[in-house]
Amino acid sequence: MLQRAWPRAIRQAAVGAIIGAVIVLALGLFLAVLRYDPTRAAYALFDGAFGSWYAFASGTLVRGTPLVLTGLAVAVAFRAGVFNVGAEGQFLMGATAAAALALYGPALNRPLVILLCFIAGSILGALWAAIAAILRTRFHVLEVISTIMLNFAAMYLVSYLVRGPMQEPTHVYPQTAAIPAAAELPRLPAVRLHLGFFIALAAAGSTWWVIRNTAAGFRLRATGANPDAARSAGGVNVNQVVFSAFAISGALAGLAGAIEVQGVTFALYENISPGYGYTAIAVALLARLDAALVVPAGILFGALEAGAAAMQRDAGVPSVVVAVVEAALILALLGARSIRQHFREAA
Amino acid sequence: MTTLLSAFVESAIRTATPLGLAALGELVVERAGIINIGLEGVIVCGAFGALVGSGFGGVVGGFAGAIAFGMATASVFAWFVVRLQTDQIITGTALTMLALGLTGTLYRALYGAGGAALSIATARPVTIPGLSLIPVVGAGLFNQPAVTYVFYASMLLLWWWMYRTLPGLELRAVGESPIAARAAGIRLARVRTLSLLFGGGMGGLAGGTLVLAQAGTFAEGMSAGRGFIAIAIVVLGRWHPAGVTIAALVFGAASAIQYLLQAAGLGLPYQLFLALPYVLTLAALAGVAGRTRAPEALAKNDEA
């Protein structure tokens, strides 16, 4: 067992290192062709992500928090064979619910307000995902399409709210008023790292445990692996599992939105998410849909995003290049897996 | 009232053209048993290709660039899905991310960091003599850029090709029963790759239409979900060229209602109109998707 397990781990690490090196080289070449300075860009990227404790805690980990949570959302859904690519919309709805409750809800003590905002965000995120769940289970609508449509709908809903009913009192900026201090998450001293990061870690841990050790987790994995077998041989109510996967996924993405409002932006505005819900797909796939591995994967992408912001500032490289890196990584992983399978079948 | 109706028809056709072109391409892809979720990325690459091409050869160069970029994007998808047998949904999603990121980066790098609005030559409407004089609908249907007539013609050609020719039969066989098709001597990978390239060309053309016949410029993410709407239109059109065309036109008409509503001055928030296409797609899919049959082998990675 051990002698088999070790080479496999080493092989995977080697494949990962090769993929990483190829992407870094290709990116450097790409930037050089576009007449940017690759070394300067690389230095800015590394410095922005890991250069100091402040950069790491306030940049990488703060950016990584929504990515861990939305990455979990995607991983849970994909594990059940549910292609929820709507984490973006669910995130926006969660942010909206938390902002609305914080702004218009009753003035209670701080822990209670924070908790209620979390719950509101999770519920609205889950409800938003439930639309796609109903469309799939009752009407056979492909969730890849429906969740993307719901992302656009959520985007325009937020746009309407922050320019209409929820706009700040002076009616100048397209955003809500700042949420009351009671709804703000506590932070570590001297950095911007907030309670949300630790909640994301806890969520990853408990999701990992539930998927691995409970009957519900087993039904989720069985449905994802082969829904027909799960139904006929396992007596699993597949529609119910699919529905739960959507709801949990939406709740996690909604929680991410609530945490972003309460821990980072303190207000709701249109572009509150720089595409966290899409990056989440890369995070989940890099983690091989394993809830525990979502944490390092999310932090890695948090580092990339934090570094990319520094790269844009210091080396003038458009930060949107991060999307290229993410997509290239997904394709490389898919390709490597396929080639591995090919060799296994040939052997 | 007549001018309002004419404007309505004109706007419906304008919305329907890129969607219809992309959907007809995706229709062929899906009839070969592949779902290219990366169509959104194909369209945005086509739009970027139109920008690049128009710098060399005006409107014609723009459309050539759009088709070439669309096909190049689709060939990446084909290489992964047909050759490496990767998951179609994940590959398509990654391809869309790649396309949006790449076009965004290249646009900012090559055309200015601020993304200065470039104005490029646009296709002028071509009036079809006689037909354009039909009252109310004539001007809207037959006084359009040439690419709109390409859309009408593709529908007729595809209808004939899919149901009246041997390669068309082979295409449908591959999508329904790849194993039987292969046993009959059809080269699966070839049919699927070619259909993906065709779909890429059509998707690219759709992107080119946005730039060259409508916006007159490129903007990051200007595909704005049209690739996903086009995939929905294939479902709504029940995987038939005529159905897909009708679905695209109905969708265009439904979206064009916003102009009538705005003209009516009900004071509704503009975001409602912007969200309308997406909500409509959801509603239409809920009504149709369960009651129609997809090609049997769609999105299944059977090792055939």
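When each of A:GLY234, A:GLY254, A:GLY335, A:GLY316 is tested for being within 14 Å of chain B (Cβ to nearest Cβ), small (Gly, Ala, Ser), out of contact with any strand residue (DSSP E or B) (no Cβ under 8 Å at 6 or more places or on another chain) and at negative phi, the lone residue that passes is A:GLY335.
Among the residues of region A:143-163, is any without any contact (Cβ under 8 Å) to a residue 60 or more places away in the chain and surrounded by fewer than 16 Cβ atoms within 10 Å (Cβ to Cβ)? No, region A:143-163 has no match at all.
Between B:VAL82, B:VAL29, B:VAL76, B:VAL44, which is of a type outside the set (S, T, N, Q) and away from chain A (no Cβ under 14 Å)?
B:VAL29
The single residue among B:ARG172, B:ARG164 that is surrounded by fewer than 17 Cβ atoms within 10 Å (Cβ to Cβ) and basic (Lys, Arg) turns out to be B:ARG164. Could you give me the residue pairs with C-beta distances under 6 Å whose first residue belongs to region A:15-27 and is in contact (Cβ under 8 Å) with a residue 40 or more places away in the chain and at negative phi, whose second residue is part of a helix (DSSP H, G or I) and small (Gly, Ala, Ser) wherever it lies, and which are 6+ apart or on separate chains? Sorted first by the residue in region A:15-27, then by its partner, the pairs are A:VAL15/A:ALA336; A:ILE19/A:ALA332; A:ILE23/A:ALA328. Those helices (runs of 4 or more DSSP H) of region A:165-282 in which 1 or more residues are under 20 Å from A:CYS117 (Cα atoms) and either of a type outside the set (Asp, Glu) or modelled with pLDDT of 95 or more (or both) occupy A:195-213, A:238-260. Can you pull out every residue in region B:235-280 that is in contact with a Gly (Cβ under 9 Å, 6 or more places away or on another chain) and either surrounded by fewer than 17 Cβ atoms within 10 Å (Cβ to Cβ) or within 10 Å of another protein chain (Cβ to nearest Cβ) (or both)? Within region B:235-280, B:PRO269, B:GLN271, B:PRO277, B:TYR278 meet the criteria. For the residues B:LEU27, B:LEU51, the requirement of being within 24 Å of B:PRO277 (Cβ to Cβ) and at pLDDT below 95 singles out B:LEU51.
To keep it simple, each residue is scored yes or no on (1) in contact (Cβ under 8 Å) with a residue 24 or more places away in the chain; (2) within 20 Å of B:LEU197 (Cβ to Cβ).
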{"residue": "B:LEU51", "(1), (2)": "yes, no"}
{"residue": "B:PHE77", "(1), (2)": "yes, yes"}
{"residue": "B:GLN85", "(1), (2)": "yes, yes"}
{"residue": "B:LEU95", "(1), (2)": "yes, yes"}
{"residue": "B:ALA99", "(1), (2)": "yes, yes"}
{"residue": "B:ALA121", "(1), (2)": "yes, no"}
{"residue": "B:VAL126", "(1), (2)": "no, no"}
{"residue": "B:PRO129", "(1), (2)": "no, no"}
{"residue": "B:ALA139", "(1), (2)": "yes, no"}
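Give the residues of region A:257-272 that are polar (S, T, N, Q) and within 14 Å of another protein chain (Cβ to nearest Cβ), sorted by residue number. Selection gives A:ASN271 alone. Per this entry, B:ALA215 is counted among residues that are closer than 30 Å to B:LEU51 by Cα and free of Cβ contacts under 8 Å to residues at least 12 places away in the same chain. Kindly provide the set of residues from region B:281-291 that are closer than 18 Å to A:ILE131 by Cβ and either at pLDDT below 75 or more than 7 Å from chain A (Cβ to nearest Cβ) (or both), ordered by number. Residues satisfying the conditions are B:ALA283, B:ALA284, B:GLY287, B:VAL288, B:ALA289, B:GLY290. Candidates are the residues of region B:208-227 that are within 12 Å of another protein chain (Cβ to nearest Cβ) and within 14 Å of the chain's Cα centre (by Cα); the one that is surrounded by the fewest Cβ atoms within 10 Å (Cβ to Cβ) is B:ALA224. Within region A:276-313, track down each residue that is surrounded by fewer than 19 Cβ atoms within 10 Å (Cβ to Cβ) and within 13 Å of chain B (Cβ to nearest Cβ). The answer is A:ARG288, A:ARG313. Where residues in region B:207-254 are among the hydrophobic types (A, V, I, L, M, F, W, C) and not in a helix (DSSP H, G or I), which of them is farthest from B:LEU100 (Cα to Cα)? Restricting to residues being among the hydrophobic types (A, V, I, L, M, F, W, C) and not in a helix (DSSP H, G or I), the top hit is B:TRP239. Answer with yes or no whether A:ALA102 is surrounded by 24 or more Cβ atoms within 10 Å (Cβ to Cβ) and of a type in the set (A, V, I, L, M). It is true that A:ALA102 is surrounded by 24 or more Cβ atoms within 10 Å (Cβ to Cβ) and of a type in the set (A, V, I, L, M). Please verify whether B:LEU39 is more than 14 Å from chain A (Cβ to nearest Cβ), of a type outside the set (Gly, Ala, Ser) and surrounded by 24 or more Cβ atoms within 10 Å (Cβ to Cβ), treating the condition exactly as stated. The answer is no for B:LEU39. Entry remark, region A:129-144: residues being within 19 Å of the chain's Cα centre (by Cα) and within 12 Å of chain B (Cβ to nearest Cβ) number 3 in total.
Per this entry, A:SER122 is counted among residues that are in contact (Cβ under 8 Å) with a residue 12 or more places away in the chain and more than 14 Å from chain B (Cβ to nearest Cβ).
Please work out which residue is nearest to B:GLY252 (Cα to Cα), limiting yourself to region B:281-297 and to residues that are among the β-branched types (Val, Ile, Thr) and surrounded by 16 or more Cβ atoms within 10 Å (Cβ to Cβ).
Once the filter is applied, the top-ranked residue is B:THR281.
Does A:PHE91 meet the test of being among the aromatic types (Phe, Trp, Tyr) and away from chain B (no Cβ under 12 Å)? Answer is yes for this residue.
Would you say B:LEU19 is touching a residue at least 40 places away in the same chain (Cβ under 8 Å) and more than 19 Å from B:MET97 (Cβ to Cβ)? Spell out the reasoning first.
On the way: touching a residue at least 40 places away in the same chain (Cβ under 8 Å): yes; more than 19 Å from B:MET97 (Cβ to Cβ): yes.
Yes; evaluated as a whole, the condition is true for this residue.
Each row is one residue, and each column tells you yes or no for (1) among the aliphatic types (A, V, I, L, M); (2) within 14 Å of chain A (Cβ to nearest Cβ); (3) part of a strand (DSSP E or B); (4) in contact with a Pro (Cβ under 7 Å, 6 or more places away or on another chain).
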{"position": "B:ILE67", "(1), (2), (3), (4)": "yes, no, no, no"}
{"position": "B:GLY70", "(1), (2), (3), (4)": "no, no, no, no"}
{"position": "B:THR91", "(1), (2), (3), (4)": "no, yes, no, no"}
{"position": "B:ALA94", "(1), (2), (3), (4)": "yes, yes, no, no"}
{"position": "B:GLY101", "(1), (2), (3), (4)": "no, yes, no, no"}
{"position": "B:THR122", "(1), (2), (3), (4)": "no, no, no, no"}
{"position": "B:ALA139", "(1), (2), (3), (4)": "yes, no, no, no"}
{"position": "B:TYR152", "(1), (2), (3), (4)": "no, no, no, no"}
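Across region B:103-113, the qualifying residues are those that are assigned to a helix (DSSP H, G or I) and more than 7 Å from chain A (Cβ to nearest Cβ), and the one among them that is modelled with the lowest pLDDT is B:TYR111.
Among the residues making up region A:199-220, a single one is among the aromatic types (Phe, Trp, Tyr) and within 18 Å of the chain's Cα centre (by Cα): A:TRP208. For region B:255-293, the set of residues classified as part of a helix (DSSP H, G or I) and of a type in the set (Gly, Ala, Ser) consists of B:SER255, B:ALA256, B:ALA263, B:ALA264, B:ALA275, B:ALA283, B:ALA284, B:ALA286, B:GLY287, B:ALA289, B:GLY290, listed by residue number. Report yes if A:GLU326 is acidic (Asp, Glu), in a helix (DSSP H, G or I) and within 10 Å of chain B (Cβ to nearest Cβ), otherwise no. Yes, satisfied.
Of the residues that make up region A:96-106, is at least one in contact with an Asp or Glu (Cβ under 8 Å, 6 or more places away or on another chain) and of a type in the set (S, T, N, Q)? Scanning region A:96-106 turns up no residue that is in contact with an Asp or Glu (Cβ under 8 Å, 6 or more places away or on another chain) and of a type in the set (S, T, N, Q).
The values are calculated or read from the model by the stated rules, or taken from the named source; none is laboratory data. Source: prediction; values computed, not measured. Counting neighbours? That spans all protein chains shown, and the Cβs are built from the backbone with ideal geometry, glycine included.
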